[in-house]
Amino acid sequence: MSAKDLAQLQSEIIDAAVCPELAASATQLVMGAGNPDADIVLIGEAPGKKEDEQGKPFVGASGRFLDEMLAAAGMNRDDVYITNIVKYRPPNNRDPSREEKAAFWPYLLRQIEIINPNVIITLGRHSGMAFIPDLVISRDHGQPRTVQLHDREYLIIPLYHPAAALYNGGMRQTLIDDFLDAAGIARSSA
Ligand code: URA
């Protein structure tokens with residue numbers, strides 16, 4: 001039933017006119033993609049240009065590295081569900097505002113509730129801090145934290161943003177290692 005519930009949630013976001021200015025400047029809502037019954041949900045910050053054009057999360061350069069991370073764990077996009085905190089592209093790829101993140105937060109929580117994953121992997125400092133306010137990404141990356149969301153506890157594993165690997169080659173292995181650990185934790189808590 002998850003796919004139907006996610007489609008319904010998507011209609012609700014559109015009907016509720018969440019962030020109308022972002023909606024007006026974006027091409028489309030980027031709800032998320034992948035397996036709606038996945039054990040792992042990955043959450044980025046907001047769609048960029050390519051994502052806005054194609055209506056799918058992480059299809060640009062950082063998405064290609066995300067695919068490498070998945071492949072290192074023997075997975076592909078059909079094994080996980082990928083989404084963002086904010087579901088419209090902010091103009092000129094600016095950071096989403098606090099208000100924009102807050103406006104999408106209840107819908108993100110419902111999205112998580114529908115998918116009901118074992119593990120939530122946040123990608124980047126901004127996404128991580130939405131779940132772990134005292135996050136220090138250089139200290140905490142790869143370390144699971146238990147967080148209560150709606151009526152259950154979730155394991156949140158904060159990772160660096162895959163874009164970090166594009167600018168810093170040394171980061172590639174850190175991200176892959178953290179993702180392998182996170183995949184192992186998801187498997188063992190299945
Ligand atoms: N960066 C993100 O945080 N999300 C995307 O979907 C693409 C790039």
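Tabulated values for the structure
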quantity: Filter pass, V30 being in a loop (DSSP other than H, G, I, E, B), free of Cβ contacts under 8 Å to residues at least 60 places away in the same chain, at negative phi and in contact with a helix residue (DSSP H, G or I) (Cβ under 6 Å, 6 or more places away or on another chain); calculated: yes
quantity: Matching entry among G48, G55, G44 (being surrounded by fewer than 21 Cβ atoms within 10 Å (Cβ to Cβ) and either of a type outside the set (A, V, I, L, M, F, W, C) or more than 9 Å from the ligand (Cβ to nearest atom) (or both)); calculated: G55
quantity: Every residue from the range 151-182 that is within 14 Å of V41 (Cβ to Cβ) and either over 15 Å from the mean Cα position of the chain (by Cα) or without any contact (Cβ under 8 Å) to a residue 24 or more places away in the chain (or both); calculated: R152
quantity: Which listed residue is touching a residue at least 40 places away in the same chain (Cβ under 8 Å), away from the ligand (no atom under 12 Å from the Cβ), farther than 17 Å from A182 by Cβ and open to solvent by 20 Å² or more (accessible area, probe 1.4 Å), from P20, P106, P36; calculated: P36
quantity: Scope the range 39-61; condition in contact (Cβ under 8 Å) with a residue 40 or more places away in the chain and either in a strand (DSSP E or B) or over 20 Å from I156 (Cβ atoms) (or both); matching residues; calculated: I40, V41, L42, I43, G44, P47, G48, K49, A61
quantity: Test result for G63, at pLDDT 95 or above and crowded, with 19+ Cβ neighbours inside 10 Å; calculated: yes
quantity: Those residues of the range 80-100 which are buried (at least 16 other Cβ atoms within 10 Å of the Cβ) and closer than 18 Å to F58 by Cβ, in sequence order; calculated: V80, Y81, I82, T83, N84, I85, V86, K87, Y88, R89, P90, P96
quantity: Long-range neighbours under 7 Å by Cβ, at least six apart or interchain, first residue closer than 16 Å to L159 by Cβ within the range 63-76, second of a type in the set (D, E, K, R) and not in a helix (DSSP H, G or I); calculated: none
quantity: Residues of the range 117-141 satisfying the condition of being over 11 Å from the mean Cα position of the chain (by Cα), open to solvent by less than 10 Å² (accessible area, probe 1.4 Å) and within 19 Å of A190 (Cβ to Cβ); calculated: P117, V119
quantity: Residue in the range 69-86 that is touching a strand residue (DSSP E or B) at 6+ places or on another chain (Cβ under 7 Å), assigned to a loop (DSSP other than H, G, I, E, B), over 19 Å from M129 (Cα atoms) and polar (S, T, N, Q) present; calculated: no
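The values are calculated or read from the model by the stated rules, or taken from the named source; none is laboratory data. No experiment lies behind these values; they were computed from the predicted model shown. Every residue, glycine as well, gets a Cβ built from its backbone with ideal geometry; the counts of neighbours run over all protein chains shown. With ligands, DNA and RNA removed, areas are computed over all heavy atoms of the protein, side chains included. Shrake-Rupley method; radii C 1.70, N 1.55, O 1.52, S 1.80 Å.
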